[in-house]
Amino acid sequence: MMFIGHDPFRESCPDNAFRSVLSTAMQGIPRPASVLLLSCEMVTSGARVRTLASHAGDCNLLSELQKNISGIQFIEDPDLQPDTWAMTVLELMFPDMDIPIHLMSIDDNLDPLNHYFLGKELRYLREKGVLIIALGNIVHNLSAASPECAAVPPDWAVHFGKKVKQHLKERNFMTLVDHFHLGPDARMSITEADHYMPLVYLLGAAGKKERLKPFYEGFRHGTTSLDSFRIG
């Protein structure tokens, strides 16, 4: 699995180093059977799924989920679209775009704990060779952003980022799910829960002893972290 920083400044403040890292992110990783993509920009009422038609192959994500996951009513939505940054990530990681791509929205009717347990249920897809990619941000506060692309992040952003990484290292996943108990730094750092929820899905789908390997760290405009890492 991969957690990849969602870059809202890709046009006004392009981070070429980040793009270069993403273009090599699949090196040394066996080719997956398909990709399940969750993005903080794909938020809907109810859980919606779609397999991109041009990459569908023989895959049917909807029937897979309905058969294996109880308690969630998944809806196949032909209008569910990957956002611009999601497409950029896919094209950098899979330049031939020759692999089935499944989209799953983030259901805004669920609370963080429900997202976490849904992530646990999605773990079985990994055993089928599905690479789960989640696009979001550990720190995302646009109202406090500096006008400078490379601005030094404020102390609260740095402290919260370090706190999250320490809990990830120690596998304190439940502590991270209930993130607002992490203090005032959390409330400043997560002003839009949608941007944090993709991480919660991966926490649920991760094994307790799996290796976590960061492959990019950095801030844009001081208050949006692009920290990215691989699990497994």
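Worth pointing out:
- If you count Lys pairs in the chain whose Cα atoms are under 28 Å apart, skipping same-chain pairs closer than 8 places in sequence, the total is 28.
- Ser12-Asn109 pseudo-label distance in nm [points 7 Å out on the Cα-to-Cβ vector]: 3.5
- Using a probe of 1.4 angstrom and keeping all protein chains present, the accessible surface of the chain works out to 45 square angstrom per residue.
- The Cα atoms of the range 82-232 give a gyration tensor whose axes a ≥ b ≥ c have a/c of 1.5 or more with a/b no greater than b/c, which makes the shape oblate.
- Approximate spin-label separation Ser45-Glu148, in nm, with each point projected 7 Å along Cα-to-Cβ: 4.4
- Taking the centroid of alpha carbons for each part, the range 1-45 and the range 121-144 are 10 Å apart.
- Distant-in-sequence amide H partners of Val139 (H built 1.01 Å from N, under 5 Å): Ser225
- Anisotropy class of the range 77-132 from Cα gyration tensor, a/c 1.5 cut: oblate
- Computed on the chain, with alpha-carbon pairs under 8 angstrom and 6+ residues apart, the relative contact order is 31 percent.
- Gain on full stretching of the segment that runs from Gln66 to Arg187 - 0.36 nm per residue minus C-alpha separation: 40.0 nm
- Shape class for the range 1-142, computed from the alpha carbon gyration tensor (a ≥ b ≥ c): oblate, with a/c not under 1.5 and a/b at or below b/c.
- When peptides 17-25, 91-99 are sorted by average Cβ neighbour count within 10 Å, with the highest value leading, the order is 17-25, 91-99.
- Within the accessible area of the range 1-78 (1.4 Å probe), percent carbon and sulfur: 46
The values are calculated or read from the model by the stated rules, or taken from the named source; none is laboratory data. Note that the structure is predicted; figures quoted are calculated from it, not measured. No Cβ is skipped: glycine too gets one built from the backbone with ideal geometry, and neighbour counts run over all protein chains shown. Quick note on the areas: whole protein, heavy atoms, side chains included, nothing else; ligands and nucleic acids left out. Shrake-Rupley method; radii C 1.70, N 1.55, O 1.52, S 1.80 Å.
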